[in-house]
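Working notes, beginning with the structure itself.
Since every read-out is calculated from the coordinates, none of them should be taken as a lab result. Only a predicted model underlies this, so the values are computations on that prediction, with no experimental measurement involved. Cβ coordinates were reconstructed from backbone atoms using ideal geometry, including for glycine residues, and neighbour counts include every protein chain displayed.
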Amino acid sequence: MPPLARAFFNGKIIPVEDAKISANAAVFKYATAVFEGIRAYWNSDESKLYVFKLVEHSDRLVRSVSLMRMKSDFDSDYYQNAVLSLLRELKPALDLHIRQSVWLDNDGSMWADSPLGCVVIATPSGRPAGYDTGIKMQVSSWTRINDQIMPARIKCIANYHNGRLASMQARMDGYDNALLLNSRGKVAEAPGACFFFVRNGVPITPTVTSDILESINRATIIQMFKEQFGIDVEVRDADRSEVYTADEAFLCGTAAEVTPIASIDRFPMKKARGEMTRALQEKWEAITTGRDKAHPEWRTLV
Ligand code: PMP
């Protein structure tokens, strides 16, 4: 779907087609950019738009900028206001996927650290593919980057070449998405989402030291399991062969929301969309739109 007609670009709201970066910018030479993906949910009963976890995403963007040794005066408030000023001007009455990006705009050397640019683009967005039916995953022959190579826990765009290669391989081989193992051979995550599976009624997810992104929604799901269902998630290393025999499994993330997994390497999960996955999806839909009033601090009213 095309994005909304205007974007936040270096402090101004301008037509999307005018939001341009020089081909001579450092970002084009060295992929020196970091970003966030955020969702906003339209509540049609209240005619209100809520941005989900805007503060947490903007805080993570600050960490990404810092870890990539980019120097910036932008703080979390700046990134939050960039999103809110755009949405308050455009007044969209629909669900959106919002991308905040910060890039190194210098035309200089590899060790340039400033100046930075900031752009926010919002795109109408529905539920992810396979939300009702479940998706087919392939354990990739690509290994997830590790923390001695790149900081896997943040969203720097260069990390995404690893996930893109895995995704392309999965699609060419007839699957919907990839599941990457880390350099220790343990389950890490999908190219753009974190991974949960359920065995004998216990939800399990890899640790944040498994070379996964420090996902906001993974943390939310762990909290929701506890608060909504009284279930503790086991956070630990996971083997490839144990996920093959899961009762149910799902991906979580801003784009993925809660996407059920029907099979992994053609091993079918006991349920393509299990009871826990379905229950989480329902809670997710209610809380993100504000139909369920739990955790008002998770939603920023536009
Ligand atoms: N892993 C990767 C590599 C991602 O790109 C994403 C999406 N941002 C996730 C996990 C899920 O993260 P979050 O819940 O913060 O959206």
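Brief remarks follow.
- Matching residues, the stretch 153-191, being among the basic types (Lys, Arg) and either over 19 Å from the mean Cα position of the chain (by Cα) or not in a loop (DSSP other than H, G, I, E, B) (or both): ARG164, ARG171, ARG184, LYS186
- Output for the stretch 178-221, where each listed residue is out of contact with any Asp or Glu (no Cβ under 7 Å at 6 or more places or on another chain), within 11 Å of the ligand (Cβ to nearest atom) and on the phi > 0 side of the Ramachandran plot: none
- Of the strands (runs of 3 or more DSSP E) lying entirely inside the stretch 201-302, those containing at least 3 residues that are under 29 Å from LYS48 (Cβ atoms) span 248-253, 257-264, 299-301.
- Taking the criterion of being in contact with a helix residue (DSSP H, G or I) (Cβ under 9 Å, 6 or more places away or on another chain) and under 13 Å from VAL120 (Cα atoms), the residues of the stretch 2-32 that qualify are PRO3, LEU4, ALA5, ARG6, ALA7, PHE8, PHE9, GLY11, ILE13.
- Residue that is surrounded by the fewest Cβ atoms within 10 Å (Cβ to Cβ), among those in the stretch 21-69 that are among the hydroxyl-bearing types (Ser, Thr, Tyr) and under 20 Å from the mean Cα position of the chain (by Cα): SER66
- Test: residue in the stretch 103-123 that is surrounded by fewer than 13 Cβ atoms within 10 Å (Cβ to Cβ) and closer than 30 Å to PRO260 by Cβ: no
- Taking the conditions (1) among the acidic types (Asp, Glu); (2) touching a strand residue (DSSP E or B) at 6+ places or on another chain (Cβ under 6 Å); (3) more than 27 Å from ALA286 (Cα to Cα) in turn, GLU89 satisfies each one other than (3).
- Verdict on SER72 being within 16 Å of the ligand (Cβ to nearest atom) and buried (at least 17 other Cβ atoms within 10 Å of the Cβ): no
- Filter pass, ALA256 being within 16 Å of the ligand (Cβ to nearest atom) and either more than 30 Å from SER47 (Cα to Cα) or of a type in the set (Val, Ile, Thr) (or both): no
- Residues considered: ALA246, ALA238, ALA178. Of these, the only one that is touching a helix residue (DSSP H, G or I) at 6+ places or on another chain (Cβ under 9 Å) and hydrophobic (A, V, I, L, M, F, W, C) is ALA178.
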